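Visitor: Right, I'll just put the structure down here and ask away after.
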Amino acid sequence: MTKELIISTVFLSPLLFTLIAILSWFMSGLRPKKLIWVSKISIYAGVLMAIFSAVMVYQYGLLESNSIGYNGLGLSIRLDALSVLIFTMINLISFIVMRFSFNYMDGDNRQGVFIGRLAATIASVQLLVLSGNVGLLWISWVLTSISLHRLLIFYSERRRSKLAARKKFIAARLSDLFLLAAVILIFNQFGTGNLEEVITGIKSFANNVPFKIELAAICIVLAAILKSALFPTHAWLVEVMETPTPVSALLHAGLLNAGPFLVARMSFIVVETTYAPLLLIIFGGITAIFGSIAYMTQSSVKTALGYSSISHMGFSLLLCGFGIYAAAMLHLVAHSFYKAHAFLSSGSFIDVKKASKISLPARKANPLVLLTSIGLAFTIFGIMAYAWGINPIEELSLLVISCIIVMGLSLLIGTALDSYESRRLIPRVVLMAALVAFAFFSLETLMGAILKSQIPVIMQPSTAVVILLFFWLIVFAGLVLIQIFSPFMKNSTIWRKWAIHFRNGLYANVLYDRLVGALYVKASKPGIMKGYE
């Protein structure tokens, strides 16, 4: 098969979803059978095209279409290991979400409208991933925000939906402007928008990176931060729960990943600069810590899942800041499938919880036993790191991040060792911890092999990055210790007070509301929210 035929075949996927969006204008009502039929064909075809693209890239390597436009700006498609990985993930999640939507929205008088808007959003994300130049990348970046906005206000009469959508709209427009600035700077520097030519050009600079590229990298990072709802612009994400469940699933499992994907796509630019990685490390680390603590204090299932997504996006961008792009993409893919399942099954969570007869084992709260669990977790980590031959000098970033991930195992082991049923639980928990560590190192190595040509190799970090590495290692260790020793603190007044503050997201949402004037949205119906009109 010729290169153009391969690319044209894969490009049919976003075209089919665009066709669904157009057809929905004429079949917008209840149970549009023909629209659903076309949608089913499209989602099955999308999965087949994802598999086809993976096989073609494995066989031929990088595939690029000829650009239709000006100096590499315009319509061009790029198939490589990174785009195919995320394209496959998107198509699989879209298959699940669309299938779920057919039943979920059955009986709604605007079912056709919803299917059309959902398809338009999927087409936008697919185009973003397949973009072969920075111009098309920016256009599809904007389209994802606009199509998502139309989904968020699907029930426009709901006040909270409008408030959240407005905050999201403002953050998205700022993100669009930052990315546009980056595109202009990159085009001005290289004289082309073609991604392959840009990547080749940036490699030629060695350690002498022009100021334009330094500034472009900062703009790329800021665009990603705003797109992926990092602290303190995260508030809208935990307020969009009044949208239909399929929207939440697609948003958290797909659209939020646009930020980490953008940084990974432009990784050869980011790693060569000084300040962009530091921004990722600072904002990503703060968001990861904040989101994980806020998650543990929530009483609402969907709000807790929202804070979980915020934390995971922060951690993904933190990994990108440290230059560990293989681990970042592994985390992104794993989180996407987990979060899609979590949201689509959230409706039955309470019933399952009530029906469950399983209770957590009683804790002894023995400090010596808890400290032993930490030592055991690090022993497992050390064995795995040695077995995989991680070089502590050349791969310091990977070593520290692996250490942070494995530290979470000490919480699992500590719960088992510190319980009154420890003899029965210890063998299972230790085996599970070893399997988790083995899976992480194995999958990270596999992801690195798959994306080898499309992401930078792990480089020796700068002095500033090393300082931040160990700072976040200490912070994450402290957080794990707090969780391990929580039986001693659960009745503490200070503990309870801070839990209330984190349950309210440290009130960042209140400040954000005042900043953007979101509290002053006019009511859809007379008599509602009179004081705000």
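Rule-based calculations on the coordinates, nothing more; no lab input. Everything numeric in this text was worked out from a predicted model, so none of it was measured. Backbone-built Cβ (ideal geometry, glycine too); neighbour counts: all protein chains shown.
Visitor: Give the peptides 446-453, 250-257 in descending order of average Cβ contacts within 10 Å, highest first. Working shown, then result.
Guide: Values: 446-453: 15.4, 250-257: 26.0.
Output ranking for 446-453, 250-257: 250-257, 446-453.
Visitor: I'd like the distance separating the alpha-carbon centroids of the range 58-96 and the range 256-313, in whole Å.
Guide: What the calculation gives is 25 Å, centre to centre.
Visitor: Modelling each spin label as a point 7 Å along the Cα-to-Cβ direction, I'd like the residue 25/residue 158 distance in nm, to one decimal.
Guide: Result: 2.7 nm between the two label points.
Visitor: Let me ask something else about it. Just list whichever of 168/302; 162/497; 227/339; 302/497 have alpha carbons separated by over 27 Å in the model shown.
Guide: 162/497
Visitor: Could you bin all the Cα-Cα distances of the chain into 10 Å bins starting at 0 and give me the percent of pairs in each, rounded to whole numbers?
Guide: 4, 17, 28, 27, 17, 7, 1, 0
Visitor: Still on this structure, I have one more. Expressed in nm to one decimal, what extension gain is obtained for the pair residue 48 and residue 60 from 0.36 nm per residue of sequence separation less their Cα-Cα distance?
Guide: That pair, residue 48 and residue 60, stretches by 2.5 nm at full extension.
Visitor: Now a separate question. State the extension gain, in nm to one decimal, for the chain segment bounded by residue 203 and residue 106, taking 0.36 nm per residue of separation less the distance between their alpha-carbons.
Guide: Full extension of this stretch gives 29.7 nm more.
Visitor: Note the full-extension length gain between residue 275 and residue 438 as 0.36 nm times their separation in residues minus their Cα-Cα distance, in nm to one decimal.
Guide: Additional length available on full extension: 55.3 nm.
Visitor: If you don't mind, there's one more thing I want to ask. Would you please give the FRET efficiency between residue 296 and residue 428, computed as 1/(1 + (r/R0)^6) with r the Cβ-Cβ distance and R0 = 25 Å, to the nearest 0.05?
Guide: 0.55
Visitor: Quick one: order 40, 162 by neighbouring beta-carbon count within 10 Å, fewest to most.
Guide: Exposure proxy ranking, most exposed first: 40, 162.
Visitor: Something else about it: Going by a ≥ b ≥ c, the root eigenvalues of the Cα gyration tensor, does the range 1-78 fall in the rounded group (a/c under 1.5), the prolate group (a/b larger than b/c) or the oblate group?
Guide: Here the range 1-78 falls in the oblate category.
Visitor: Which net charge results when you count Lys and Arg as +1 and Asp and Glu as -1 among the other residues whose beta-carbon is under 15 Å from that of residue 381?
Guide: -2
Visitor: Would you calculate a helix-derived [θ] at 222 nm for the chain, using -39,500 (n - 2.57) for each DSSP H run of n ≥ 4 and dividing by the full residue count, to the nearest 500?
Guide: Working: 22 runs with 379 residues, N = 533.
Mean residue ellipticity, 222 nm, calculated: -24000 deg cm²/dmol.
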